[in-house]
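The values are calculated or read from the model by the stated rules, or taken from the named source; none is laboratory data. It should be emphasised that the depicted structure is a prediction, and the values quoted were computed from it without experimental measurement. We place every Cβ from the backbone using ideal geometry, glycine too, and count neighbours over all the protein chains shown. Surface accessibility is based on the protein's heavy atoms, side chains included, excluding ligands, DNA and RNA. Shrake-Rupley method; radii C 1.70, N 1.55, O 1.52, S 1.80 Å.
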Amino acid sequence: MDRRRLITFGAASFALAAAPLAVRAADLPGPLPNRPPPIGRAEREARIAKAQKLMREQGVSALLVEPGSSLIYFTGVHWSRSERLTCAIIPAEGEIGVVTPFFEEPSVRETLAVKAEVRTWQEHEDPLALVAGWLKDRKLGSGVIGIDETNRYFIVDGLMRNLPTATLRNGAPIVRGCRMIKSPAEIALMQHASDITIAAYRYTIPKVEAGMRPSDIGRLMSQATVALGGEPEFALVLLGEAAAYPHGSGKPQSVKAGEVVLMDCGCTVEGYQSDISRTFVHGEPSAKQRKVWSEVQRGQQIAFEAARPGAAAGSVDDAARGYYVGLGYGPDYKLPGLSHRTGHGIGLDGHEPVNLVRGEATRLAPGMCFSDEPGIYIPGEFGVRLEDCFHMTESGPKWFSQPSASIEKPV
(Lines give C-alpha, C1' and ligand atoms only; values in the text may rest on other atoms or scores of the structure.)
Protein backbone atom coordinates (compact mmCIF):
# COMPACT_ATOMS: atom_id res chain seq x y z
CA MET A 1 0.00 0.00 0.00
CA ASP A 2 1.50 3.39 -0.99
CA ARG A 3 1.74 6.41 1.31
CA ARG A 4 -1.27 8.14 -0.21
CA ARG A 5 -3.55 5.16 0.41
CA LEU A 6 -2.05 4.52 3.86
CA ILE A 7 -2.78 8.08 5.00
CA THR A 8 -6.22 8.01 3.39
CA PHE A 9 -7.31 4.68 4.84
CA GLY A 10 -5.83 5.37 8.25
CA ALA A 11 -7.74 8.62 8.55
CA ALA A 12 -10.91 7.08 7.18
CA SER A 13 -10.81 4.17 9.62
CA PHE A 14 -10.42 6.55 12.58
CA ALA A 15 -13.23 8.77 11.31
CA LEU A 16 -15.67 5.94 10.79
CA ALA A 17 -15.01 4.70 14.29
CA ALA A 18 -15.30 8.16 15.84
CA ALA A 19 -18.17 9.77 13.94
CA PRO A 20 -21.61 8.91 12.60
CA LEU A 21 -22.30 8.69 8.88
CA ALA A 22 -21.90 12.12 7.32
CA VAL A 23 -25.20 12.21 5.44
CA ARG A 24 -28.47 10.36 5.16
CA ALA A 25 -28.80 8.00 2.19
CA ALA A 26 -31.71 10.07 0.88
CA ASP A 27 -29.37 13.06 0.46
CA LEU A 28 -26.88 11.20 -1.71
CA PRO A 29 -26.87 11.24 -5.52
CA GLY A 30 -28.11 8.25 -7.50
CA PRO A 31 -26.02 5.95 -9.71
CA LEU A 32 -24.67 7.42 -12.93
CA PRO A 33 -26.50 5.98 -15.95
CA ASN A 34 -25.01 4.10 -18.91
CA ARG A 35 -22.48 2.04 -16.99
CA PRO A 36 -20.29 0.18 -19.51
CA PRO A 37 -20.25 -3.62 -19.43
CA PRO A 38 -17.36 -5.49 -17.80
CA ILE A 39 -14.56 -6.88 -19.93
CA GLY A 40 -15.83 -9.96 -21.75
CA ARG A 41 -14.27 -13.33 -22.47
CA ALA A 42 -13.52 -12.53 -26.11
CA GLU A 43 -11.41 -9.53 -25.13
CA ARG A 44 -9.44 -11.52 -22.56
CA GLU A 45 -8.78 -14.20 -25.16
CA ALA A 46 -7.59 -11.50 -27.55
CA ARG A 47 -5.22 -10.25 -24.83
CA ILE A 48 -3.76 -13.71 -24.40
CA ALA A 49 -3.37 -14.03 -28.17
CA LYS A 50 -1.51 -10.72 -28.31
CA ALA A 51 0.77 -11.79 -25.47
CA GLN A 52 1.49 -15.04 -27.29
CA LYS A 53 2.32 -13.15 -30.48
CA LEU A 54 4.73 -10.92 -28.56
CA MET A 55 6.30 -13.99 -26.94
CA ARG A 56 6.94 -15.62 -30.29
CA GLU A 57 8.44 -12.42 -31.66
CA GLN A 58 10.72 -12.07 -28.62
CA GLY A 59 11.74 -15.71 -28.35
CA VAL A 60 9.90 -16.33 -25.07
CA SER A 61 8.36 -19.76 -24.45
CA ALA A 62 5.93 -18.90 -21.66
CA LEU A 63 4.92 -16.12 -19.29
CA LEU A 64 4.32 -16.57 -15.54
CA VAL A 65 1.88 -14.19 -13.80
CA GLU A 66 0.86 -14.26 -10.13
CA PRO A 67 -2.17 -12.56 -8.50
CA GLY A 68 -2.61 -8.87 -9.11
CA SER A 69 -3.79 -6.67 -11.91
CA SER A 70 -1.99 -8.62 -14.65
CA LEU A 71 -3.65 -11.88 -13.59
CA ILE A 72 -7.01 -10.10 -13.71
CA TYR A 73 -6.12 -8.59 -17.08
CA PHE A 74 -5.39 -11.91 -18.77
CA THR A 75 -7.60 -14.39 -16.91
CA GLY A 76 -10.21 -12.50 -14.90
CA VAL A 77 -9.02 -14.23 -11.72
CA HIS A 78 -9.36 -11.92 -8.71
CA TRP A 79 -7.06 -13.30 -6.05
CA SER A 80 -4.77 -12.03 -3.31
CA ARG A 81 -1.09 -12.74 -2.99
CA SER A 82 0.00 -14.87 -0.08
CA GLU A 83 2.66 -17.43 0.72
CA ARG A 84 0.45 -19.97 -1.07
CA LEU A 85 1.14 -19.61 -4.77
CA THR A 86 -1.62 -19.15 -7.30
CA CYS A 87 -0.43 -18.24 -10.79
CA ALA A 88 -1.19 -18.43 -14.49
CA ILE A 89 1.22 -19.77 -17.11
CA ILE A 90 0.67 -18.45 -20.61
CA PRO A 91 2.56 -20.47 -23.25
CA ALA A 92 3.59 -18.97 -26.57
CA GLU A 93 1.20 -21.46 -28.19
CA GLY A 94 -1.92 -23.18 -26.89
CA GLU A 95 -4.08 -23.18 -23.80
CA ILE A 96 -2.96 -21.48 -20.60
CA GLY A 97 -2.45 -23.16 -17.25
CA VAL A 98 -3.44 -22.14 -13.73
CA VAL A 99 -1.71 -23.49 -10.61
CA THR A 100 -3.44 -23.03 -7.24
CA PRO A 101 -3.80 -24.78 -3.87
CA PHE A 102 -6.24 -27.70 -3.93
CA PHE A 103 -8.60 -26.17 -1.40
CA GLU A 104 -8.66 -22.83 -3.28
CA GLU A 105 -9.59 -24.26 -6.68
CA PRO A 106 -13.38 -23.73 -6.41
CA SER A 107 -12.89 -20.11 -5.36
CA VAL A 108 -10.33 -19.41 -8.08
CA ARG A 109 -12.65 -20.86 -10.72
CA GLU A 110 -15.40 -18.41 -9.70
CA THR A 111 -13.65 -15.57 -11.53
CA LEU A 112 -11.64 -17.53 -14.11
CA ALA A 113 -12.92 -16.04 -17.35
CA VAL A 114 -10.94 -17.98 -19.98
CA LYS A 115 -10.34 -21.61 -20.80
CA ALA A 116 -7.44 -23.03 -18.80
CA GLU A 117 -6.06 -26.27 -17.42
CA VAL A 118 -6.09 -25.99 -13.63
CA ARG A 119 -3.56 -27.97 -11.63
CA THR A 120 -3.67 -28.04 -7.85
CA TRP A 121 -1.11 -28.66 -5.13
CA GLN A 122 -1.46 -29.89 -1.55
CA GLU A 123 -0.11 -28.09 1.50
CA HIS A 124 3.01 -30.26 1.82
CA GLU A 125 3.94 -29.90 -1.88
CA ASP A 126 6.10 -27.36 -3.71
CA PRO A 127 3.88 -25.37 -6.12
CA LEU A 128 6.86 -24.39 -8.26
CA ALA A 129 7.49 -28.08 -8.92
CA LEU A 130 3.97 -28.18 -10.33
CA VAL A 131 4.70 -25.15 -12.52
CA ALA A 132 7.91 -26.81 -13.72
CA GLY A 133 6.00 -30.01 -14.48
CA TRP A 134 3.40 -28.11 -16.50
CA LEU A 135 6.14 -26.52 -18.58
CA LYS A 136 7.96 -29.82 -19.08
CA ASP A 137 4.76 -31.50 -20.24
CA ARG A 138 4.57 -28.90 -23.01
CA LYS A 139 8.23 -29.31 -23.99
CA LEU A 140 9.02 -25.85 -22.60
CA GLY A 141 11.34 -26.93 -19.80
CA SER A 142 14.44 -25.68 -21.63
CA GLY A 143 12.82 -22.55 -22.99
CA VAL A 144 12.85 -18.89 -22.03
CA ILE A 145 10.30 -18.14 -19.32
CA GLY A 146 9.12 -14.57 -18.88
CA ILE A 147 8.37 -13.47 -15.33
CA ASP A 148 5.91 -10.63 -14.76
CA GLU A 149 7.98 -7.76 -13.32
CA THR A 150 5.84 -7.54 -10.16
CA ASN A 151 6.21 -11.22 -9.25
CA ARG A 152 7.90 -11.96 -5.93
CA TYR A 153 11.39 -13.39 -5.74
CA PHE A 154 10.40 -16.70 -4.13
CA ILE A 155 8.69 -17.57 -7.42
CA VAL A 156 11.83 -16.90 -9.42
CA ASP A 157 13.96 -18.78 -6.91
CA GLY A 158 11.61 -21.78 -6.79
CA LEU A 159 11.35 -22.01 -10.56
CA MET A 160 15.14 -21.86 -10.98
CA ARG A 161 15.46 -24.65 -8.42
CA ASN A 162 12.83 -26.88 -10.04
CA LEU A 163 13.66 -26.06 -13.65
CA PRO A 164 17.40 -25.36 -13.95
CA THR A 165 17.28 -25.98 -17.71
CA ALA A 166 15.09 -22.91 -18.30
CA THR A 167 16.22 -19.34 -18.84
CA LEU A 168 14.25 -16.79 -16.84
CA ARG A 169 13.71 -13.33 -18.25
CA ASN A 170 11.85 -10.17 -17.26
CA GLY A 171 8.40 -10.44 -18.85
CA ALA A 172 7.75 -6.68 -18.75
CA PRO A 173 8.06 -6.19 -22.53
CA ILE A 174 5.22 -8.68 -23.02
CA VAL A 175 2.93 -7.50 -20.23
CA ARG A 176 3.53 -3.84 -20.93
CA GLY A 177 3.14 -4.47 -24.64
CA CYS A 178 -0.41 -5.60 -23.94
CA ARG A 179 -1.53 -3.49 -20.98
CA MET A 180 -0.14 -0.09 -21.96
CA ILE A 181 -2.48 0.15 -24.96
CA LYS A 182 -6.07 0.30 -23.72
CA SER A 183 -8.96 -1.01 -25.80
CA PRO A 184 -12.17 0.97 -26.37
CA ALA A 185 -13.85 -1.17 -23.68
CA GLU A 186 -11.15 -0.31 -21.14
CA ILE A 187 -11.29 3.39 -22.00
CA ALA A 188 -15.08 3.36 -21.59
CA LEU A 189 -14.73 1.94 -18.07
CA MET A 190 -12.06 4.50 -17.18
CA GLN A 191 -14.27 7.25 -18.55
CA HIS A 192 -17.14 6.10 -16.35
CA ALA A 193 -14.86 5.99 -13.30
CA SER A 194 -13.74 9.55 -14.04
CA ASP A 195 -17.33 10.70 -14.50
CA ILE A 196 -18.20 9.25 -11.09
CA THR A 197 -15.27 10.99 -9.40
CA ILE A 198 -16.17 14.34 -10.95
CA ALA A 199 -19.82 13.89 -9.90
CA ALA A 200 -18.66 13.03 -6.37
CA TYR A 201 -16.54 16.19 -6.29
CA ARG A 202 -19.53 18.26 -7.37
CA TYR A 203 -21.48 16.79 -4.49
CA THR A 204 -18.71 17.09 -1.89
CA ILE A 205 -16.94 20.40 -2.47
CA PRO A 206 -19.96 22.65 -1.72
CA LYS A 207 -20.38 20.80 1.60
CA VAL A 208 -16.86 21.62 2.86
CA GLU A 209 -17.17 23.76 6.00
CA ALA A 210 -14.83 25.40 8.47
CA GLY A 211 -13.66 23.01 11.17
CA MET A 212 -13.98 19.86 9.05
CA ARG A 213 -11.11 17.39 9.27
CA PRO A 214 -9.65 15.64 6.21
CA SER A 215 -11.44 12.46 7.28
CA ASP A 216 -14.80 14.27 7.31
CA ILE A 217 -14.32 15.45 3.74
CA GLY A 218 -12.96 12.11 2.59
CA ARG A 219 -15.96 10.34 4.08
CA LEU A 220 -18.35 12.60 2.15
CA MET A 221 -16.42 11.92 -1.06
CA SER A 222 -16.39 8.14 -0.53
CA GLN A 223 -20.11 8.00 0.32
CA ALA A 224 -20.95 9.94 -2.82
CA THR A 225 -18.68 7.70 -4.90
CA VAL A 226 -20.47 4.56 -3.69
CA ALA A 227 -23.89 6.12 -4.30
CA LEU A 228 -22.85 7.06 -7.85
CA GLY A 229 -21.81 3.48 -8.61
CA GLY A 230 -18.03 3.50 -8.03
CA GLU A 231 -15.81 1.69 -5.58
CA PRO A 232 -13.71 4.22 -3.62
CA GLU A 233 -9.99 3.71 -4.12
CA PHE A 234 -8.60 6.68 -2.16
CA ALA A 235 -9.70 10.09 -0.91
CA LEU A 236 -6.65 12.07 0.17
CA VAL A 237 -7.48 15.50 1.61
CA LEU A 238 -4.70 17.97 2.50
CA LEU A 239 -5.44 21.24 4.28
CA GLY A 240 -3.35 24.41 4.53
CA GLU A 241 0.37 23.78 4.89
CA ALA A 242 -0.15 20.01 4.49
CA ALA A 243 -0.96 20.67 0.82
CA ALA A 244 2.72 21.58 0.34
CA TYR A 245 3.63 17.90 0.82
CA PRO A 246 2.26 15.86 -2.12
CA HIS A 247 1.14 12.86 -0.07
CA GLY A 248 0.33 14.76 3.05
CA SER A 249 1.18 15.07 6.71
CA GLY A 250 0.11 13.19 9.81
CA LYS A 251 -0.35 16.41 11.77
CA PRO A 252 -3.89 17.39 12.84
CA GLN A 253 -5.63 19.50 10.21
CA SER A 254 -8.96 21.28 9.90
CA VAL A 255 -10.55 23.57 7.35
CA LYS A 256 -9.83 27.26 7.99
CA ALA A 257 -10.91 30.38 6.14
CA GLY A 258 -8.39 31.47 3.54
CA GLU A 259 -6.51 28.16 3.48
CA VAL A 260 -5.99 25.74 0.63
CA VAL A 261 -7.99 22.52 0.36
CA LEU A 262 -6.28 19.94 -1.87
CA MET A 263 -8.27 16.80 -2.69
CA ASP A 264 -6.77 13.81 -4.55
CA CYS A 265 -9.47 11.18 -5.11
CA GLY A 266 -10.23 8.19 -7.28
CA CYS A 267 -12.46 5.17 -7.68
CA THR A 268 -12.70 1.98 -9.71
CA VAL A 269 -15.34 0.68 -12.11
CA GLU A 270 -14.89 -3.01 -12.93
CA GLY A 271 -11.34 -2.56 -11.66
CA TYR A 272 -10.45 0.39 -13.89
CA GLN A 273 -9.33 3.51 -12.07
CA SER A 274 -9.80 7.26 -12.00
CA ASP A 275 -7.38 9.71 -10.39
CA ILE A 276 -8.39 13.38 -10.16
CA SER A 277 -7.08 16.19 -7.97
CA ARG A 278 -8.74 19.50 -7.22
CA THR A 279 -7.38 22.49 -5.27
CA PHE A 280 -9.45 25.39 -4.00
CA VAL A 281 -9.55 27.80 -1.08
CA HIS A 282 -12.14 27.87 1.67
CA GLY A 283 -13.22 31.49 1.53
CA GLU A 284 -11.40 34.20 -0.39
CA PRO A 285 -8.08 33.21 -2.03
CA SER A 286 -5.06 35.42 -1.51
CA ALA A 287 -3.21 37.01 -4.42
CA LYS A 288 -0.38 34.46 -4.02
CA GLN A 289 -2.78 31.51 -3.95
CA ARG A 290 -4.43 32.78 -7.14
CA LYS A 291 -1.05 33.26 -8.82
CA VAL A 292 0.24 29.79 -8.00
CA TRP A 293 -3.09 28.18 -8.92
CA SER A 294 -3.03 29.88 -12.34
CA GLU A 295 0.58 28.79 -12.88
CA VAL A 296 -0.33 25.17 -12.17
CA GLN A 297 -3.36 25.42 -14.45
CA ARG A 298 -1.08 26.60 -17.27
CA GLY A 299 1.53 23.95 -16.46
CA GLN A 300 -1.12 21.24 -16.75
CA GLN A 301 -2.23 22.57 -20.13
CA ILE A 302 1.36 22.78 -21.39
CA ALA A 303 1.89 19.13 -20.44
CA PHE A 304 -1.32 18.18 -22.25
CA GLU A 305 -0.28 20.05 -25.39
CA ALA A 306 3.13 18.33 -25.34
CA ALA A 307 1.56 14.85 -25.30
CA ARG A 308 1.58 14.26 -29.04
CA PRO A 309 1.57 10.85 -30.74
CA GLY A 310 5.16 9.75 -31.30
CA ALA A 311 6.63 12.09 -28.68
CA ALA A 312 8.81 10.61 -25.96
CA ALA A 313 6.88 10.31 -22.70
CA GLY A 314 9.67 12.18 -20.92
CA SER A 315 9.22 15.22 -23.15
CA VAL A 316 5.86 15.93 -21.46
CA ASP A 317 7.61 16.32 -18.12
CA ASP A 318 10.31 18.42 -19.76
CA ALA A 319 7.70 20.84 -21.14
CA ALA A 320 5.88 21.41 -17.84
CA ARG A 321 9.07 21.60 -15.76
CA GLY A 322 10.69 23.96 -18.24
CA TYR A 323 7.73 26.34 -17.96
CA TYR A 324 8.01 26.35 -14.16
CA VAL A 325 11.76 27.00 -14.28
CA GLY A 326 11.01 30.01 -16.48
CA LEU A 327 8.77 31.32 -13.70
CA GLY A 328 11.57 30.99 -11.16
CA TYR A 329 10.64 27.64 -9.57
CA GLY A 330 13.05 24.73 -9.09
CA PRO A 331 15.15 24.09 -11.01
CA ASP A 332 14.66 20.36 -11.49
CA TYR A 333 12.89 18.87 -8.45
CA LYS A 334 13.91 21.60 -6.03
CA LEU A 335 11.32 23.43 -3.94
CA PRO A 336 9.43 25.66 -4.24
CA GLY A 337 8.44 23.93 -7.47
CA LEU A 338 7.47 20.54 -8.87
CA SER A 339 9.04 17.81 -6.72
CA HIS A 340 7.56 14.79 -8.55
CA ARG A 341 6.99 13.54 -12.11
CA THR A 342 4.35 15.24 -14.24
CA GLY A 343 2.24 12.10 -14.59
CA HIS A 344 1.93 8.33 -14.46
CA GLY A 345 0.28 5.61 -16.46
CA ILE A 346 -3.13 4.47 -15.25
CA GLY A 347 -5.54 1.61 -15.92
CA LEU A 348 -6.21 -1.41 -13.72
CA ASP A 349 -3.53 0.05 -11.45
CA GLY A 350 -3.62 3.64 -10.27
CA HIS A 351 0.09 3.87 -11.11
CA GLU A 352 1.33 1.70 -13.95
CA PRO A 353 3.99 1.96 -16.68
CA VAL A 354 5.04 4.19 -18.22
CA ASN A 355 5.46 7.55 -16.50
CA LEU A 356 5.62 11.09 -17.79
CA VAL A 357 9.04 11.61 -16.27
CA ARG A 358 12.41 12.92 -17.43
CA GLY A 359 14.32 10.48 -19.59
CA GLU A 360 11.41 8.14 -20.37
CA ALA A 361 11.97 7.35 -24.05
CA THR A 362 8.78 5.31 -24.67
CA ARG A 363 6.87 6.91 -27.54
CA LEU A 364 3.28 7.99 -26.91
CA ALA A 365 0.77 5.99 -28.91
CA PRO A 366 -3.02 5.78 -29.22
CA GLY A 367 -4.58 3.90 -26.31
CA MET A 368 -2.02 4.94 -23.71
CA CYS A 369 -3.51 6.57 -20.60
CA PHE A 370 -1.85 9.00 -18.20
CA SER A 371 -2.41 11.41 -15.35
CA ASP A 372 -1.43 15.05 -15.89
CA GLU A 373 -0.57 16.59 -12.49
CA PRO A 374 2.34 19.06 -12.44
CA GLY A 375 1.77 20.59 -9.00
CA ILE A 376 3.67 23.42 -7.37
CA TYR A 377 4.58 23.03 -3.70
CA ILE A 378 5.79 25.77 -1.33
CA PRO A 379 7.00 24.22 1.96
CA GLY A 380 5.70 25.98 5.04
CA GLU A 381 2.86 27.63 3.09
CA PHE A 382 0.70 25.56 0.72
CA GLY A 383 0.66 23.51 -2.46
CA VAL A 384 -1.52 23.35 -5.55
CA ARG A 385 -2.14 20.19 -7.58
CA LEU A 386 -4.56 19.98 -10.47
CA GLU A 387 -4.82 16.46 -11.85
CA ASP A 388 -6.85 15.06 -14.71
CA CYS A 389 -6.20 11.97 -16.79
CA PHE A 390 -6.14 11.67 -20.56
CA HIS A 391 -5.84 8.97 -23.18
CA MET A 392 -3.95 9.18 -26.43
CA THR A 393 -5.81 9.10 -29.74
CA GLU A 394 -4.56 9.17 -33.34
CA SER A 395 -4.93 12.96 -33.34
CA GLY A 396 -3.59 13.65 -29.85
CA PRO A 397 -4.56 13.50 -26.17
CA LYS A 398 -8.19 13.49 -25.01
CA TRP A 399 -9.24 14.33 -21.44
CA PHE A 400 -11.16 11.84 -19.32
CA SER A 401 -12.19 14.78 -17.11
CA GLN A 402 -12.26 18.45 -17.97
CA PRO A 403 -9.67 20.48 -16.03
CA SER A 404 -10.69 23.05 -13.43
CA ALA A 405 -11.91 26.36 -14.81
CA SER A 406 -10.78 28.54 -11.90
CA ILE A 407 -9.80 28.48 -8.24
CA GLU A 408 -13.39 29.44 -7.42
CA LYS A 409 -14.81 26.76 -9.75
CA PRO A 410 -12.71 23.61 -9.26
CA VAL A 411 -15.39 21.37 -10.88
Distance-filtered residues of segment 133-172 - backbone nitrogen under 16 Å, label point 7 angstrom along E93 Cα→Cβ: 135-144
Separation in nanometres of the label points that stand 7 Å from Cα toward Cβ, at A42 and H78: 2.4 nm
Check: the chain dipole with +1 on Lys, Arg Cβ and -1 on Asp, Glu Cβ, in debye: 420 debye
Charge tally in the Cβ shell below 14 Å around K288, where Lys, Arg are +1 and Asp, Glu are -1, K288 excluded: -3
Two-site label geometry, D332 and K115: point separation in nm, points 7 Å out along Cα→Cβ: 5.6 nm
Förster radius 30 Å - calculated FRET efficiency between I181 and R35 (Cβ-Cβ, nearest 0.05): 0.80
Mean separation of Cα contacts under 8 Å (6+ apart) over length of the chain, as relative contact order %: 14 percent
Helix-derived mean residue ellipticity, 222 nm - over the chain, DSSP H n ≥ 4, -39500 (n - 2.57), to 500: -11500 deg cm²/dmol
Choice from A303, A312, A166 with maximal GNM fluctuation in the chain (Cα, 10 Å cutoff): A166
√(5λ) per eigenvalue of the Cα gyration tensor, the chain, largest first, Å: 41, 25, 19
Å² per residue, accessible surface of the chain at 1.4 Å: 41 Å²
Accessible-area composition of the chain, carbon plus sulfur, in percent [1.4 Å probe]: 55 percent
Inter-label distance, nm, simple model (7 Å from Cα along the C-beta direction), E381/H247: 2.6 nm
Within a Gaussian network of the chain (alpha carbon springs, distance under 10 Å), most fluctuating of E352, E110, E186: E110
Percent RCO, i.e. relative contact order, over segment 191-287, from Cα pairs under 8 Å lying at least 6 residues apart: 32 percent
Check: segment 198-262 dipole with +1 on Lys, Arg Cβ and -1 on Asp, Glu Cβ, in debye: 120 debye
Overall form of segment 50-195 per C-alpha gyration tensor (a/c, 1.5; a/b vs b/c): oblate
